[in-house]
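I have placed the structure first, in the form of structure tokens, so that the comments after it can refer back to it.
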Amino acid sequence: MTIQEALKNRRAVRNYLPREVETEKIKALLDCAVLAPNDRLRQPWHFYVIRGEAKARYEEIAREFLAERFPTKPHLVQESLAVLEKTPLVIVATADIIPGDEASSEDNEYAVCCAIHSMWLAAGELGLGMVWRTRGIGLVRDERLLQFLGSPENQKVVGTLFIGYPEADVPPTARASADSKTTWL
Ligand SMILES: Cc1cc2nc3c(=O)[nH]c(=O)nc-3n(C[C@H](O)[C@H](O)[C@H](O)COP(=O)(O)O)c2cc1C
């Protein structure tokens, strides 16, 4: 598969088969992640692999978060939790924050975004499906997630990645043309 084909075939995959992701495949994804470009080679990322018992604990904090966030929408809470329970593997990606250096901290976040995208493409090649989540059960902006990770100092969560073997093919999303998003000066 060429890079252009991989980019065209990439999908946000949110539904998975009840099948564990092999440890070698998880390591292959992470090996691809750390190849991402990054300013001054700070390699400003950390990845937290969440499965098994750790995932059960993640589900607990997600349950608390959703119940607080959507107190009048029990169906939404249940549906979101069902999606999480059916997800075999969760990886949280964080970026190093450099106290007093906002610009470098921002660049670190951009580098982690590149790493996540590399993982997304590699997942497709490995027969896996992935979605980058920030909202809802992604818990990216919830303080509980940092506590769950062990309250690492000076790390910001950039993305929570849900990963598994796809349950079904996902159709492509419609995109505005590059032309309509480009100004040639
Ligand atoms: C920064 C970022 C945050 C995202 N957060 C969520 C999310 O919280 N929940 C979700 O279902 N998808 C999330 N997505 C996936 C997008 O919704 C998805 O990429 C978009 O619908 C386009 O679909 P495609 O990737 O299959 O082309 C996120 C994607 C990015 C890049």
Looking only at segment 1-29, count every residue that is without any contact (Cβ under 8 Å) to a residue 12 or more places away in the chain and open to solvent by less than 70 Å² (accessible area, probe 1.4 Å) and tell me the total.
2
Identify, please: which residue in segment 132-146 is open to solvent by 20 Å² or more (accessible area, probe 1.4 Å), out of contact with any helix residue (DSSP H, G or I) (no Cβ under 8 Å at 6 or more places or on another chain) and part of a helix (DSSP H, G or I) and is, among those, farthest from Arg63 (Cα to Cα)?
Leu146
I'd like to verify a number: residues in segment 30-68 that are free of Cβ contacts under 8 Å to residues at least 12 places away in the same chain and under 17 Å from Asp142 (Cα atoms), how many?
3
Check off (1) buried (at least 18 other Cβ atoms within 10 Å of the Cβ); (2) within 11 Å of the ligand (Cβ to nearest atom); (3) in a helix (DSSP H, G or I) for Cys113 and give me the number that stays unchecked.
(1)
Checked segment 159-185 for anything more than 12 Å from the ligand (Cβ to nearest atom) and open to solvent by 100 Å² or more (accessible area, probe 1.4 Å); matches are Glu167, Asp179, Lys181, Thr183, Trp184, Leu185
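The values are calculated or read from the model by the stated rules, or taken from the named source; none is laboratory data. Please read these numbers as outputs of a predicted model, since none were measured by experiment. All Cβ positions, even for glycine, are placed from backbone atoms using ideal geometry, and neighbour counts span all protein chains on display. Just the protein is used for accessible areas: all its heavy atoms, side chains included, with ligands, DNA and RNA removed. Shrake-Rupley method; radii C 1.70, N 1.55, O 1.52, S 1.80 Å.
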